[in-house]
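K.L.:
The structure is given below, and queries will be raised subsequently.
The values are calculated or read from the model by the stated rules, or taken from the named source; none is laboratory data. No experiment lies behind these values; they were computed from the predicted model shown. Every residue, glycine as well, gets a Cβ built from its backbone with ideal geometry; the counts of neighbours run over all protein chains shown.
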Amino acid sequence: MDQEAAAAVDALYRTDWGRIVATLIRLVGDFEVAEDAAQEAFAAAVEQWPKSGVPDFPRAWVIQTARNKAIDRIRRRAKFEEKLETYTLSASQPAEEPDYHDRGSEISDDRLRLIFTCCHPALSIEAQVSLTLRTLCGLETDQIARAFLVPEPTMAQRIVRAKRKIRTTGISYAVPEKDALSERLDAVLTVIYLIFNEGYASTRGARLMKADICREAIRLCRLLQTLMAPDPPGELIGLLALMLLHDSRRNARLDDAGDLVVLEKQDRGQWDRQQIAEALPLVDQALRAGPGPFAVEAAIAGLHCQAERAADTDWPQIVRLYEVLERLKPSPIVSLNRAVAVAMVDGPSAALAIADKLIAAGELDHYHLVHATRADFLRRMGSLAEAAASYEQALALVQNESERRFLERRLRELRSADGALSAP
């Protein structure tokens, strides 16, 4: 394939897949038809552009080609015959018209509608995440399946079921009315953060991080910020700041062997200072607007990133922020994170009481980090036998290999420190 044409197709797919599919969904009213037609149009571009040259308006060419292919599909379906005349009439417009060239606001509106449709509360969280990655980000089904460590057929079925539910239940392809926007926006932001977290700390598998998934989540958040300009909600700004701050530490989180490096041991010279500089003003902006849970979490991450050394971290302020977060969004995970901060201010004994209360409540029975955190408190208190038992509990639950190696190393260190703990 001609290199210029190949580069043009690849660049268009990476940057414009979501807006092309969003526009097609508006035109033909069907997720599967729109997505299949877009795939066929890109295949046609691969075949035709090396011969005819890259068109002046590549995205318009793909949309018009996909639109025609969608009409062909609809024509073959008898149940769409009543709609055929309307679609055919609209499809007769030439690609050179400015329909898809400069109508930035309409294309943005299409993508905004698509984000809210993919993240409709009638769909499960798993379906929302999968459908968003497939439809808006353009990730292939096998990529999404690998990211979430499920078989490709399972992921394909999940996506198909989500699209079918949108069609059969009549979920509207629209931004919610103003009175429902807040509720739906929370779902959208939650899905974006779940996507980021799966990339930042994979729940299973050999790799701790999947940088491409993190980048997709940040890109989605930036897109949503642009689409909701000029006054994006504070929680949206807070989420973007939070992800940028977490992601800024990516290069320092693993050593050369791919093993986890805890925050206090990280080489802060490897942190992305440009990304941190972008995020910190966003934290202030988000806090002035609310603050909401994402804004508070971003403020906590910001305090970590502002400390030049681990010893410079403002732990008392972090404890206060976690107390605010517990009031805004109470959860055992937030309480466990607060316990970590309390350990840095009041010592591990005070923090251990919080962890033991959480374990007694039973809400974190299958969460390896509660046992790993408890083990760390006990290790710092000198209760090595109890710490080893907690590390063993964490090891029985952990599913990520990088985290497993870290916990095994900590357990070996304990056993080296006290010969009585040596494994038989």
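K.L.:
In the list LEU181, LEU131, LEU189, which residue meets the criterion of being at pLDDT below 85 and either in contact with a helix residue (DSSP H, G or I) (Cβ under 9 Å, 6 or more places away or on another chain) or part of a helix (DSSP H, G or I) (or both)?
P.N.:
LEU181
K.L.:
Enumerate the pairs (first residue in segment 41-55 and under 18 Å from VAL21 (Cα atoms); second residue anywhere and assigned to a helix (DSSP H, G or I) and charged (D, E, K, R)) with beta-carbon separation below 7 Å, excluding pairs fewer than 6 apart on the same chain, so at least 6 apart or on different chains.
P.N.:
Taking only residues 6 or more apart or on different chains, the pairs are ALA41/LYS69.
K.L.:
Same structure again: Does segment 383-404 hold any residues that are among the charged types (D, E, K, R), touching a residue at least 24 places away in the same chain (Cβ under 8 Å) and either within 17 Å of LEU364 (Cα to Cα) or surrounded by fewer than 21 Cβ atoms within 10 Å (Cβ to Cβ) (or both), and which are they?
P.N.:
GLU401 - this is the single residue of segment 383-404 that is among the charged types (D, E, K, R), touching a residue at least 24 places away in the same chain (Cβ under 8 Å) and either within 17 Å of LEU364 (Cα to Cα) or surrounded by fewer than 21 Cβ atoms within 10 Å (Cβ to Cβ) (or both).
Rundown of residues vs (1) of a type in the set (D, E, K, R); (2) surrounded by 14 or more Cβ atoms within 10 Å (Cβ to Cβ); (3) not assigned by TED's automatic domain parsing to the domain that holds GLU401, yes/no style:
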site: MET243; (1), (2), (3): no, yes, yes
site: GLY258; (1), (2), (3): no, no, yes
site: ARG288; (1), (2), (3): yes, no, yes
site: ALA298; (1), (2), (3): no, yes, yes
site: GLY302; (1), (2), (3): no, yes, yes
site: GLU308; (1), (2), (3): yes, no, yes
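K.L.:
Go through LEU411, LEU369 for me and flag whichever is part of a helix (DSSP H, G or I) and either more than 30 Å from the chain's Cα centre (by Cα) or buried (at least 20 other Cβ atoms within 10 Å of the Cβ) (or both).
P.N.:
LEU411
K.L.:
Just a yes or no: is a residue in segment 216-239 touching a strand residue (DSSP E or B) at 6+ places or on another chain (Cβ under 9 Å) and surrounded by 19 or more Cβ atoms within 10 Å (Cβ to Cβ)?
P.N.:
Taking every residue of segment 216-239 in turn, none turns out to be touching a strand residue (DSSP E or B) at 6+ places or on another chain (Cβ under 9 Å) and surrounded by 19 or more Cβ atoms within 10 Å (Cβ to Cβ).
K.L.:
I want to confirm something. Restricting to segment 141-171 and keeping residues that are in a loop (DSSP other than H, G, I, E, B) and at pLDDT below 80, which single residue is nearest to the chain's Cα centre (by Cα)?
P.N.:
My answer is PHE148.
K.L.:
Starting from segment 273-286, take each residue that is on the phi < 0 side of the Ramachandran plot and in a helix (DSSP H, G or I) and list its partners that are of a type in the set (Phe, Trp, Tyr) and crowded, with 17+ Cβ neighbours inside 10 Å, counting only C-beta distances under 9 angstrom and pairs at least six apart or across chains.
P.N.:
ALA286/PHE294
K.L.:
Could you grab me the full set of residues in segment 287-320 that are part of a helix (DSSP H, G or I) and over 18 Å from ILE237 (Cα atoms)?
P.N.:
If the condition is that a residue be part of a helix (DSSP H, G or I) and over 18 Å from ILE237 (Cα atoms), then HIS304, GLN306, ALA310, ALA311, ASP312, TRP315, PRO316, GLN317, ILE318, VAL319, ARG320 are the ones that fit.
K.L.:
Can you tell me how many residues within segment 372-382 are among the basic types (Lys, Arg) and either in contact (Cβ under 8 Å) with a residue 40 or more places away in the chain or buried (at least 18 other Cβ atoms within 10 Å of the Cβ) (or both)?
P.N.:
2
K.L.:
Just a yes or no: is a residue in segment 104-127 modelled with pLDDT under 55 and over 26 Å from the mean Cα position of the chain (by Cα)?
P.N.:
no
K.L.:
Right, next: Taking the condition of being over 16 Å from ALA38 (Cα atoms), modelled with pLDDT of 85 or more and either touching a Gly at 6+ places or on another chain (Cβ under 8 Å) or surrounded by 13 or more Cβ atoms within 10 Å (Cβ to Cβ) (or both), how many residues in segment 1-21 meet it?
P.N.:
Total meeting the criteria: 1.
K.L.:
Now for a different question. Can you say whether LEU358 is in contact (Cβ under 8 Å) with a residue 24 or more places away in the chain, assigned to a helix (DSSP H, G or I) and within 30 Å of VAL283 (Cα to Cα), as far as the supplied structure shows?
P.N.:
The answer is yes for LEU358.
K.L.:
When you go through (1) buried (at least 19 other Cβ atoms within 10 Å of the Cβ); (2) at pLDDT 95 or above one by one for ALA277, which number turns out not to apply?
P.N.:
It is condition (1) that ALA277 fails.
K.L.:
Kindly indicate whether any position in segment 32-41 is of a type in the set (Asp, Glu) and at pLDDT 90 or above.
P.N.:
Yes; the residues of segment 32-41 include at least one that is of a type in the set (Asp, Glu) and at pLDDT 90 or above.
K.L.:
Say we look at segment 225-258 and pick out the residues that are closer than 25 Å to VAL175 by Cβ and of a type in the set (S, T, N, Q); which of these is modelled with the lowest pLDDT?
P.N.:
The qualifying residue modelled with the lowest pLDDT is THR226.
K.L.:
Hey, does segment 224-235 have a residue that's of a type in the set (Ser, Thr, Tyr), part of a helix (DSSP H, G or I) and farther than 17 Å from GLN306 by Cβ?
P.N.:
Taking every residue of segment 224-235 in turn, at least one turns out to be of a type in the set (Ser, Thr, Tyr), part of a helix (DSSP H, G or I) and farther than 17 Å from GLN306 by Cβ.
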